[in-house]
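To keep things clear, I will list the structure first and then write my remarks on it.
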Amino acid sequence: MKSHAKAVVIGGGVVGCSVLYHLAKAGWTDILLIERSELTSGSSWHAAGGFHTLNGDPNVAKLQAYTVQLYKEIEEISGQSCSLHLTGGVMMADTPERMDFLRLAHAKGRYLGMDTELITPSEAKAMFPLMDETNFVGAMWDPVEGHLDPSGTTHAYAKAARKLGAEIVLRNRVVELTQEVDGTWNVVTEQGTVKAEHVVNCGGLWAREIGRMVGVELPVLAMEHMYLLTEPMPEVEEFNKSTGREMIGVLDFKGEIYTRQERNGILLGTYEKACKPWSPVNTPWDFGHELLQPDIDRIAPSLEIGFKHFPGIEKAGIKQIINGPFTFALDGNPLVGPVQGLTNFWCACAVMAGFSQGGGVGLALSNWMVHGDPGFDVWGMDVARFGEWATLRYTNAKVRENYSRRFSIRFPNEELPAARPAQTTPLYDTMLANNAVMGDSWGLETPLWFAPKGSEPKDVVSFHRSNDFGPIGEEVRATREKVGVTEIANFAKYEVSGPGAEDFLNRLMTNRMPKTGRIVLTPMLNEFGRLIGDFTIAKAGEERFMIWGSSAAQKYHMRWFEKHLPKDGPRASEVRIHRFDQTLVGLSIAGPKSRDLLQKLVDVDISTKAFRFMDFREMAVGGAPCMVNRITYTGDLGYEIWMAPAYQRLVYKAIKEAGEEFGLIDFGMRALLSMRLEKNFPTWFRELRPIYGPFEGSMDRFIKLEKNDFIGREAAAREQAAGPKLRRVSFIVDAADADVMGDEPIWAKVGGKDYGTVEKPHGYGAPRFDAGGKEVRGSNAAEGASAVRGIVDGDWRVVGWITSGGYAHYVEKSMAQGYVPAALAENESAGLFEIEILGHRRPARINVEPPFDPSGERMRT
Ligand SMILES: Cc1cc2nc3c(=O)[nH]c(=O)nc-3n(C[C@H](O)[C@H](O)[C@H](O)COP(=O)(O)OP(=O)(O)OC[C@H]3O[C@@H](n4cnc5c(N)ncnc54)[C@H](O)[C@@H]3O)c2cc1C
């Protein structure tokens, strides 16, 4: 074994081997994979080997499609077969709600380049005759599904990596990881120590233990998983003979089961409700190529549904039941990327569908390590997406919840209950007493809306408008007409201070930093000129800035901030960053009476001239020391008031008492989001994401190209000079009883006209490599874009996609935001656009000016 390596990959499962292959392909050949036992000694060897492209997150779906298409490439390079069976598959819906879900998934597929098709149960039966089609109302066909040989595939990656120069060491456990002051890792193994610049945790079932070697508790848990194999079945053989085809894969929502042909019989796997974690605290190091004891009672309820839906299978004898463990993160997607707070320690673990996702994970991670950027929008699997609240027990509860509803529909207004409440603010009990329906916002309980007194505070989950519609409307109207108060503790809050603070922020942000006591809004870009953040920044003192941003992106942003801190020399101590998390909480008041209300609680003049729009001031509110911003996301006259948690109850009580004479109402997050819609305000991770440039995102007025040389400036200047290809726009939709949810296709009546690319970008100009390992460098947003096929209907064409939307209660309109080709973005003509909601195309019209207070008069008064 060599003593030095550029990178050490720990773990020789399918994921470790894919990472190794992609690193070697990207030109890093001084790399070493260290495996405790033989390759595939974790969960990889006994996987069912199924693969598919569908994923709730379109960007993860895209990386899954890449994985499937990669198998030919590694077979060619390695000479090792993956035994690929591309059979195609169907998802079966047994209720109208599940059919709505399939319609949504199919609609998304329209701009993701997927050839999915909605089909009848009888059509599905023709491809899988073992089913009783009367149990179903419809289905969706996906041609890019199938199965492969898990061991052959892992070895194909490994052999291909070796051919490109990578080294693999077997039967050697990594026992310790330490880091030198200069950042070099000591990878201590049973066979000696390797010094490495980078370490990658691909430990699969032991990823948690490897995390602990560097002081990190990764939110990952192994679950027992069972599938059964039947004896050979004459019906299967007969089908193969008469059609010349293999039977397809079938996914049954109701039973939470999947099934497909395996040799001459059937393989049927379950995601049972009574699921069981495996080794919930520590994974034994001596666990090898062994299976767990099957427990048929546990999967009996799923089998009962399975046999009812697929009576052909019930008749067959069961040859074997496989029970093996594999890992999950809280939401079922992988944990990939650099771990915040550490240098050059990378993760590629919690990959629960290694044979659908392994390739995409390897590509994104190798891009990130070699080029400093994943090159794709990988937020859906970024290791930074969970906070400190995702402890061992929290993870256990959430993973069990996720497993037991693996194929269940999640409705857009559905909040999942496991591991809640976790974090609460001092107002939690008060909000419950006010009949709040609470939601989870990055682990924090947050009021979503307030149910009328006497009614149960509970969402009726639905794809359509639901029981929150009326109450939210009242919250919005009362706020817009009088005044409302809401909790905003869930925002991210940071302080950047020190003599180098202003220079540091000027280098990171696209807008100029404000003068003391003033606020600016500013995006943040990466080197490729893509949006990676959107912040509100106040200059609180000569060397002190307060920053507010997206709650879910706190670790993601801290990682970026830390990466760009001055590292050495005299400037190293000049910038300090502090993330407050829940040590700073907030309340926002908004509406025409909000100034009169606040004036009653403070001892300073807050008249229009004395405390202007976009001013920041520290002042006592109701006797408590607070920071106050004269700005709110409602787009109305209003204030954000920030305080230590110990003061939050005092301030809230004072606001409530003072507000009585003005008709003050409590409002929740959903009312806030409704109000931002009628102001055309974007949201982070919906409208604004790393796949978009700042001009595409219509953030033009916050991009000051003429100021200093900020990160991403050159690329942004190029985007502006060439003209953005896409633009974020706002729509008014002629909806019925359902509003857009996000990811719906936008149709336009374009006739024969060409409005440029209509493809959804997934990458953004980071280097990529073709099958021969040659670098392919793109420079525009369409890099890595999905191919759009089969989405023309006469004069109509899919030209874009929705990012978010809902009902704007004050202006009484259904609204949406999304991206269309720039040439169409200013076109407000009626009859030009339609947006597909739950499979039905609804007329829509671009509205360039926000329908509420277009001149911004209300905010400024
Ligand atoms: C019953 C079952 C059915 C499944 N069906 C499917 C399916 O149909 N499709 C699909 O895509 N996925 C399926 N999976 C999941 C799939 O197996 C996993 O997604 C995949 O194996 C994860 O691979 P990995 O490389 O991350 O982890 P692992 O396969 O667990 O590999 C981790 C490796 O790291 C090594 N290692 C750990 N710690 C150290 C150390 N300290 N030093 C050196 N080496 C170390 C281990 O020995 C192991 O070889 C199934 C899993 C099970 C159990």
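The values are calculated or read from the model by the stated rules, or taken from the named source; none is laboratory data. Owing to the predicted nature of the structure, the values given are computational and were not obtained by experimental measurement. Every residue, glycine as well, gets a Cβ built from its backbone with ideal geometry; the counts of neighbours run over all protein chains shown. When the accessible area is computed, the model is the full protein with side chains, heavy atoms only, and any ligands, DNA or RNA have been set aside. Shrake-Rupley method; radii C 1.70, N 1.55, O 1.52, S 1.80 Å.
Quick test for you: out of 25, 72, pick the one residue that is closer than 19 Å to residue 159 by Cβ, buried (at least 23 other Cβ atoms within 10 Å of the Cβ), at pLDDT 90 or above and away from the ligand (no atom under 16 Å from the Cβ).
None of the others qualify; the one that does is 25.
Open to solvent by less than 30 Å² (accessible area, probe 1.4 Å), part of a loop (DSSP other than H, G, I, E, B), at pLDDT below 95 and under 30 Å from residue 374 (Cα atoms), is that true of residue 694? Break it down into steps so the answer makes sense when it comes.
On the way: open to solvent by less than 30 Å² (accessible area, probe 1.4 Å): yes; part of a loop (DSSP other than H, G, I, E, B): yes; at pLDDT below 95: no; under 30 Å from residue 374 (Cα atoms): yes.
Spelling it out, it is not the case that residue 694 is open to solvent by less than 30 Å² (accessible area, probe 1.4 Å), part of a loop (DSSP other than H, G, I, E, B), at pLDDT below 95 and under 30 Å from residue 374 (Cα atoms).
So is residue 728 among the charged types (D, E, K, R), in contact with a Gly (Cβ under 9 Å, 6 or more places away or on another chain) and modelled with pLDDT of 95 or more or not?
yes
State the number of residues belonging to region 390-431 that are assigned to a loop (DSSP other than H, G, I, E, B), under 21 Å from residue 336 (Cβ atoms) and out of contact with any helix residue (DSSP H, G or I) (no Cβ under 9 Å at 6 or more places or on another chain).
Looking only at region 390-431, we keep the residues that are assigned to a loop (DSSP other than H, G, I, E, B), and these are 390-391, 405-422, 424-427.
With the extra rule that they be under 21 Å from residue 336 (Cβ atoms), the set shrinks to 390-391, 406.
If we keep only those that are out of contact with any helix residue (DSSP H, G or I) (no Cβ under 9 Å at 6 or more places or on another chain) too, we end up with 391, 406.
Number of matching residues: 2.
Quick one: in region 41-53, which of the residues that are more than 6 Å from the ligand (Cβ to nearest atom) and open to solvent by 30 Å² or more (accessible area, probe 1.4 Å) is farthest from residue 288 (Cα to Cα)?
52
May I ask you to list pairs of residues, at least six apart or on different chains, whose Cβ atoms are under 7 Å apart, with the first in region 43-61 being aromatic (Phe, Trp, Tyr) and the second being more than 6 Å from the ligand (Cβ to nearest atom) and assigned to a loop (DSSP other than H, G, I, E, B)?
45/289; 51/148
Need the failing condition index for residue 4 against (1) surrounded by fewer than 24 Cβ atoms within 10 Å (Cβ to Cβ); (2) within 14 Å of the ligand (Cβ to nearest atom), just the number.
So the condition that residue 4 fails would be (2).
Considering each residue of region 131-158, count those that are away from the ligand (no atom under 16 Å from the Cβ) and open to solvent by 10 Å² or more (accessible area, probe 1.4 Å), and give that number.
Within region 131-158, residues that are away from the ligand (no atom under 16 Å from the Cβ) and open to solvent by 10 Å² or more (accessible area, probe 1.4 Å) number 8.
When you scan region 194-226, how many residues do you find that are within 11 Å of the ligand (Cβ to nearest atom), part of a strand (DSSP E or B) and either at pLDDT below 95 or surrounded by fewer than 19 Cβ atoms within 10 Å (Cβ to Cβ) (or both)?
Total satisfying the criteria: 0.
Only one of 342, 392, 335 is under 17 Å from the mean Cα position of the chain (by Cα) and modelled with pLDDT of 95 or more; which?
335
In region 567-586, what residues are part of a loop (DSSP other than H, G, I, E, B) and not β-branched (Val, Ile, Thr)?
At the first step, the residues of region 567-586 found to be part of a loop (DSSP other than H, G, I, E, B) are 567-575, 580, 584.
567, 568, 569, 570, 571, 572, 573, 574, 580, 584, listed by residue number.
Are there any pairs with C-beta distances below 6 angstrom linking a residue in region 814-825 that is farther than 12 Å from residue 744 by Cβ to a residue that is part of a helix (DSSP H, G or I), with the two at least 6 apart or on different chains, and if so which?
815/677
Inside region 508-566, counting only strands (runs of 3 or more DSSP E) that do not spill past its ends, which hold 2 or more residues that are among the small types (Gly, Ala, Ser)?
531-541
Which of the numbered conditions does residue 36 fail, given that it passes all the others? Conditions: (1) within 16 Å of the ligand (Cβ to nearest atom); (2) within 21 Å of residue 187 (Cβ to Cβ); (3) open to solvent by less than 30 Å² (accessible area, probe 1.4 Å); (4) modelled with pLDDT of 95 or more.
The failed condition is (3).
Name every residue in region 177-193 that is part of a loop (DSSP other than H, G, I, E, B) and within 13 Å of the ligand (Cβ to nearest atom), in order of residue number. Give the steps one after another, and end with the answer.
Looking only at region 177-193, we keep the residues that are part of a loop (DSSP other than H, G, I, E, B), and these are 180-184, 190-191.
Hits for region 177-193 are 190, 191.
Within region 454-493, take every residue that is in a strand (DSSP E or B) and of a type in the set (Val, Ile, Thr) and give me the one that is nearest to residue 97 (Cα to Cα).
Restricting attention to region 454-493, the residues satisfying the condition of being in a strand (DSSP E or B) are 484-487, 492-493.
From what is left, the residues that are of a type in the set (Val, Ile, Thr) are 485-486.
Working: 485: 35, 486: 33 Å.
The selected residue is 486.
Just name the residue that is nearest to the ligand (Cβ to nearest atom) out of those in region 287-342 that are among the aromatic types (Phe, Trp, Tyr) and in contact (Cβ under 8 Å) with a residue 24 or more places away in the chain.
Per the stated criteria, the residue is 326.
Taking the options 433, 364, name whichever one is within 16 Å of the ligand (Cβ to nearest atom) and more than 21 Å from residue 551 (Cα to Cα).
On the way: 433 fails: within 16 Å of the ligand (Cβ to nearest atom).
That would be 364, the only listed residue that is within 16 Å of the ligand (Cβ to nearest atom) and more than 21 Å from residue 551 (Cα to Cα).
Checking the conditions here, which among 639, 652 is over 25 Å from residue 515 (Cβ atoms) and surrounded by 21 or more Cβ atoms within 10 Å (Cβ to Cβ)? Explain how you work it out, then say what you get.
Numbers: 639 fails: over 25 Å from residue 515 (Cβ atoms).
Going through 639, 652 in turn, just one is over 25 Å from residue 515 (Cβ atoms) and surrounded by 21 or more Cβ atoms within 10 Å (Cβ to Cβ): 652.
Which ones in region 251-278 are open to solvent by 10 Å² or more (accessible area, probe 1.4 Å) and within 12 Å of the ligand (Cβ to nearest atom)?
The answer is 251, 258, 260, 262, 271, 278.
For residue 351, are the conditions met, namely being closer than 18 Å to residue 66 by Cα, open to solvent by less than 10 Å² (accessible area, probe 1.4 Å), within 12 Å of the ligand (Cβ to nearest atom) and of a type in the set (Val, Ile, Thr)?
no
Picking from 805, 784, 800, which residue would you name as being at pLDDT 50 or above, surrounded by 19 or more Cβ atoms within 10 Å (Cβ to Cβ) and under 28 Å from residue 714 (Cα atoms)?
800
How many of the residues making up region 159-174 are in a helix (DSSP H, G or I) and within 15 Å of the ligand (Cβ to nearest atom)? Lay out the reasoning, then the answer.
We begin by selecting, within region 159-174, every residue in a helix (DSSP H, G or I); these are 159-163.
Narrowing the set further to residues that are within 15 Å of the ligand (Cβ to nearest atom) leaves 161.
Residues flagged as in a helix (DSSP H, G or I) and within 15 Å of the ligand (Cβ to nearest atom) within region 159-174 amount to 1.
For region 508-556, name all the residues that are surrounded by fewer than 19 Cβ atoms within 10 Å (Cβ to Cβ), among the acidic types (Asp, Glu) and either closer than 25 Å to residue 341 by Cα or within 29 Å of the chain's Cα centre (by Cα) (or both).
Answer for region 508-556, where residues must be surrounded by fewer than 19 Cβ atoms within 10 Å (Cβ to Cβ), among the acidic types (Asp, Glu) and either closer than 25 Å to residue 341 by Cα or within 29 Å of the chain's Cα centre (by Cα) (or both): 527, 543.
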